[in-house]
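**Student:** Before anything else, here's the structure in question.
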Amino acid sequence: MHKVSLAQPAMDAFKALKKGIVNSVVTAIDDELPFTVETDASDHAIAATLSVLGKPVSFFSRMLSNSEQRHSSGEKKAYAIVEAIRKWRHYLLGHHFYLITYQRSVAIHRR
């Protein structure tokens, strides 16, 4: 990891953004509303957001191990989906949910 130094205006903007995200997180969930799981992966990490009506409920991200980093882009994105569903199984089990991914090859497997 590289340490990044930010000027005060950038730090203030970052803190305001962080506060906005924290304040937008849903703390009470209506079980009648469908969830949305949005996932993505990069060369080094996977991430996902669980939301209801566009409002975030939970976030997930983690760095990939060296061996995981050697997988193809499609495999990493599919792995992000699997990990997100495992993490939020208690929310998703027995409920309809939408899955949003930005990997065309993963979307094709659904057909």
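Please treat every number below as a calculation from the coordinates, not as lab data. All figures in this text were calculated on a predicted structure; none of them were measured in a lab. So basically every Cβ, Gly included, is an ideal-geometry build from the backbone, and we count neighbours across all protein chains shown.
**Student:** Could you pull out every one of the lysines with an alpha carbon less than 16 Å from that of residue 77, ignoring same-chain neighbours closer than 8 positions?
**Tutor:** Candidates past the 8-residue exclusion: 87.
**Student:** If you put +1 on each Lys and Arg Cβ and -1 on each Asp and Glu Cβ, how big is the dipole of the stretch 32-109 around its Cα centre, in Debye rounded to 20?
**Tutor:** Working: 9 positive and 7 negative charges, 18 e Å.
Result for the stretch 32-109 is approximately 80 debye, rounded to the nearest 20.
**Student:** Collect residues whose amide H, placed 1.01 Å from N in the peptide plane, falls under 5 Å from the amide H of residue 100; neighbours closer than 5 in sequence don't count.
**Tutor:** 37, 38, 39
**Student:** Let me ask another. For the residues 86, 62, what sequence is obtained by ranking on other C-beta atoms within 10 Å, fewest first?
**Tutor:** Numbers: 86 10, 62 13.
Ordered from fewest to most neighbouring Cβ atoms within 10 Å, 86, 62 come out as 86, 62.
**Student:** Now for a separate question. Starting from the Cα-Cα distance between residue 5 and residue 19, subtract it from 0.36 nm times their residue separation and give me the gain in nm to one decimal.
**Tutor:** Details: separation 14, 0.36 × 14 = 5.04 nm, distance 2.00 nm.
Gain in length upon complete extension: 3.0 nm.
**Student:** Follow-up question, since we're still on this one. Based only on other Cβ atoms within 10 Å, what is the fewest-to-most ordering of 46, 85, 29?
**Tutor:** On the way: 46 23, 85 18, 29 14.
The fewest-first ordering by Cβ neighbours comes to 29, 85, 46.
**Student:** Whole-Hz Karplus ³J(HN,Hα) for the stretch 45-54, in order, using 6.51 cos²θ - 1.76 cosθ + 1.60 and θ = phi - 60°, x for Gly and Pro?
**Tutor:** These are the phi-based 3J(HN,Hα) values: 8, 10, 8, 7, 10, 9, 9, 10, 6, x Hz.
**Student:** Continuing with this model, one more query. First select every other residue whose beta carbon is under 11 angstrom from the beta carbon of residue 70; then total the charges, Lys and Arg +1, Asp and Glu -1. All intermediate terms of the calculation are to be shown ahead of the outcome.
**Tutor:** Numbers: positive: 76; negative: 43, 68, 75.
For residues surrounding residue 70, the net value is -2.
**Student:** Related question: Counting other beta carbons within 10 Å of each Cβ, put 72, 61, 5, 51 in order, fewest first.
**Tutor:** Values: 72 9, 61 13, 5 6, 51 19.
Lowest to highest Cβ neighbour count: 5, 72, 61, 51.
**Student:** Near the amide H of residue 57, under 5 Å away, which other amide H atoms are found, from residues 5 or more places off or on another chain, if H is placed in the peptide plane?
**Tutor:** Here 26, 50, 51, 52 satisfy the definition.
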